[in-house]
Amino acid sequence: MSPIQINRRRFSQLIAGTGLGLLNLASNASILKPEAGKEYRLLSQPQAANAGSKIEVIEFFAYYCHFCHHLEPSLAEWVKKNSDKIAFKRIHVLNPGAETQQKLFFALDAIGKTEELHNQVFDAYHVQRNRLMTDEQVRDFINKTTIDKAAFFSAYNSFTIKTKQARAPRVMSDYEINSWPTLIVDGRFQTSPSMAGSEHGRPSEDQANQALFPVLDWLVAQAQKDKLTAPK
């Protein structure tokens, strides 16, 4: 079984089984005040968060990941709603067999086209069945877009992208990433749909996703509070 399949299976086991009905988030104390070690955890070594007056939120994801694809519309809506208080960015994880997908992400990011094509990449993999596992499959995808092809492939084949890929295992280790999607708030707090929904038995995937956002709201508010009270 490939590492990709292993990660999918691990995540599926966390949220598998029958749901216990719609989550009553408003009345659930653990969601109103998430508990460390349950709905979120603290990184053992906080990472630098350079977001100025805003709170940094990082999503670790993969284009091949079904759960990342499913979460994306709700996450995009949450990010837009909170754009005045958060600085959001994505990091594509490194996983054997999906190196070209990560390379594609880094290249789009380098030329400022990630947001424009993000959903199209997801659709290419999950809807159109272009697995984006080879340079030829990536080229086929890019050639169907309207972006500057020369700029993209210059970035795609650059030393800078190779360096970012080489650095990826260290970045994942620093943020203690072992499944995805995973969100990091302010370089300190780690959460995910599976963690956020863990106190509700075995919720459905939709329920786990919706449980995530009250936890994110609380973590962002906590980070804001900490920033205001931090010694100058």
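The values are calculated or read from the model by the stated rules, or taken from the named source; none is laboratory data. Quick caveat, the model's predicted, so the values are computed rather than measured. Quick reminder, even Gly has a Cβ in these numbers, built from the backbone with ideal geometry, and neighbours come from all protein chains shown. For accessibility, only protein heavy atoms count, side chains too; no ligands or nucleic acids. Shrake-Rupley method; radii C 1.70, N 1.55, O 1.52, S 1.80 Å.
Residues in the range 40-73 that are out of contact with any Lys or Arg (no Cβ under 9 Å at 6 or more places or on another chain), hydrophobic (A, V, I, L, M, F, W, C) and part of a helix (DSSP H, G or I): C68, L71.
Residue selection: S198 satisfies the criterion of being modelled with pLDDT under 95, more than 16 Å from W78 (Cβ to Cβ) and polar (S, T, N, Q). Given the condition under 18 Å from F60 (Cβ atoms) and in contact with a strand residue (DSSP E or B) (Cβ under 8 Å, 6 or more places away or on another chain), answer yes or no: does some residue in the range 203-210 qualify? Among the residues of the range 203-210, not one is under 18 Å from F60 (Cβ atoms) and in contact with a strand residue (DSSP E or B) (Cβ under 8 Å, 6 or more places away or on another chain), which makes the answer no. Among the residues of the range 93-121, those identified as touching an Asp or Glu at 6+ places or on another chain (Cβ under 9 Å) and open to solvent by less than 40 Å² (accessible area, probe 1.4 Å) are T100, K103, L108, H118.
I'd like to know if the range 70-83 contains one or more residues that are small (G, A, S), open to solvent by 10 Å² or more (accessible area, probe 1.4 Å), farther than 19 Å from M195 by Cβ and more than 14 Å from the chain's Cα centre (by Cα). For the range 70-83, residues small (G, A, S), open to solvent by 10 Å² or more (accessible area, probe 1.4 Å), farther than 19 Å from M195 by Cβ and more than 14 Å from the chain's Cα centre (by Cα): present.
When each of I161, I184 is tested for being on the phi < 0 side of the Ramachandran plot and either open to solvent by 20 Å² or more (accessible area, probe 1.4 Å) or within 15 Å of the chain's Cα centre (by Cα) (or both), the lone residue that passes is I184.
Here is a yes/no grid of residues against (1) in contact (Cβ under 8 Å) with a residue 40 or more places away in the chain; (2) in a helix (DSSP H, G or I); (3) closer than 15 Å to R41 by Cα; (4) of a type in the set (G, A, S):
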{"site": "E176", "(1), (2), (3), (4)": "yes, no, yes, no"}
{"site": "S179", "(1), (2), (3), (4)": "yes, no, yes, yes"}
{"site": "S198", "(1), (2), (3), (4)": "yes, no, yes, yes"}
{"site": "R202", "(1), (2), (3), (4)": "yes, no, no, no"}
{"site": "A208", "(1), (2), (3), (4)": "yes, yes, no, yes"}
{"site": "L212", "(1), (2), (3), (4)": "yes, yes, yes, no"}
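Could you list, in sequence order, the residues of the range 125-152 that are open to solvent by less than 30 Å² (accessible area, probe 1.4 Å) and without any contact (Cβ under 8 Å) to a residue 40 or more places away in the chain? The answer is N130, V138, F141, I142, T145, I147. The number of residues in the range 201-232 being in contact with a helix residue (DSSP H, G or I) (Cβ under 8 Å, 6 or more places away or on another chain) and buried (at least 21 other Cβ atoms within 10 Å of the Cβ) comes to 7.
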